[in-house]
1. Give the range 81-109 a look and list any residue that's assigned to a loop (DSSP other than H, G, I, E, B) and under 13 Å from the mean Cα position of the chain (by Cα), or say none.
2. Filter the range 94-117 for residues that are open to solvent by less than 30 Å² (accessible area, probe 1.4 Å) and within 18 Å of R60 (Cβ to Cβ) and give the result.
3. Filter the range 53-80 down to residues that are open to solvent by 60 Å² or more (accessible area, probe 1.4 Å) and part of a loop (DSSP other than H, G, I, E, B) and give me whichever is modelled with the highest pLDDT.
4. When you look at A126, is it in contact with a strand residue (DSSP E or B) (Cβ under 7 Å, 6 or more places away or on another chain), open to solvent by less than 20 Å² (accessible area, probe 1.4 Å) and more than 18 Å from F37 (Cβ to Cβ), yes or no?
5. Check off (1) surrounded by fewer than 17 Cβ atoms within 10 Å (Cβ to Cβ); (2) touching a strand residue (DSSP E or B) at 6+ places or on another chain (Cβ under 7 Å) for V91 and give me the number that stays unchecked.
Amino acid sequence: MIKLQLIKLRAIKLAASMLSLVALAALATPVHGEDDFPLIGTYTENQACRPNGSDPGVSRVTITARDIDSVFGLCTILSKKREGATFVVHVECKGPGGSQMLGDVIFKPREDKTIDFSDLDQTYKAVLHRCPD
């Protein structure tokens, strides 16, 4: 009887140890999904980016994990939501003259490696072309 209880106690300790290892491994694994934001980079609007950076008169858009900088001003990314391949990004933008506005912008990657960009109401649309790093 005592021998059976010792075996059960060892099995419980072993199971607890294994669960602890699984929990630690899960915590150490990077989480993909909302934190995965592959759009970071520099883009030109509505025409291909020239490799040497000599794009006179072409609007540039720079996307980081925290900001979107474009001709509209600097926008702080407040949240990102991924819906399939599409990203809906909630931003706070500071425009010319210090005006501020909140809004949502949509980034939809295309098969040709460009990105359809628009605001939620579809009042502004552009195609973003990634510039080489």
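The values are calculated or read from the model by the stated rules, or taken from the named source; none is laboratory data. Everything numeric here is computed off the predicted structure, so don't read it as measured data. Cβ atoms come from the backbone with ideal geometry, glycine included; neighbour counts cover every protein chain shown. Quick note on the areas: whole protein, heavy atoms, side chains included, nothing else; ligands and nucleic acids left out. Shrake-Rupley method; radii C 1.70, N 1.55, O 1.52, S 1.80 Å.
1. Applying the first criterion (assigned to a loop (DSSP other than H, G, I, E, B)) to the range 81-109 yields 84-85, 95, 99.
Once the filter is applied, which keeps residues that are assigned to a loop (DSSP other than H, G, I, E, B) and under 13 Å from the mean Cα position of the chain (by Cα), the range 81-109 yields G84, A85.
2. Just the residues of the range 94-117 that are open to solvent by less than 30 Å² (accessible area, probe 1.4 Å), to begin with: 95, 103, 105, 107, 114-115.
Of everything in the range 94-117, those that are open to solvent by less than 30 Å² (accessible area, probe 1.4 Å) and within 18 Å of R60 (Cβ to Cβ) turn out to be G95, V105, F107, T114, I115.
3. Within the range 53-80, the match that is modelled with the highest pLDDT is R66.
4. Details: in contact with a strand residue (DSSP E or B) (Cβ under 7 Å, 6 or more places away or on another chain): yes; open to solvent by less than 20 Å² (accessible area, probe 1.4 Å): yes; more than 18 Å from F37 (Cβ to Cβ): yes.
Yes, satisfied.
5. With (1) surrounded by fewer than 17 Cβ atoms within 10 Å (Cβ to Cβ); (2) touching a strand residue (DSSP E or B) at 6+ places or on another chain (Cβ under 7 Å) applied to V91, the lone miss is (1).
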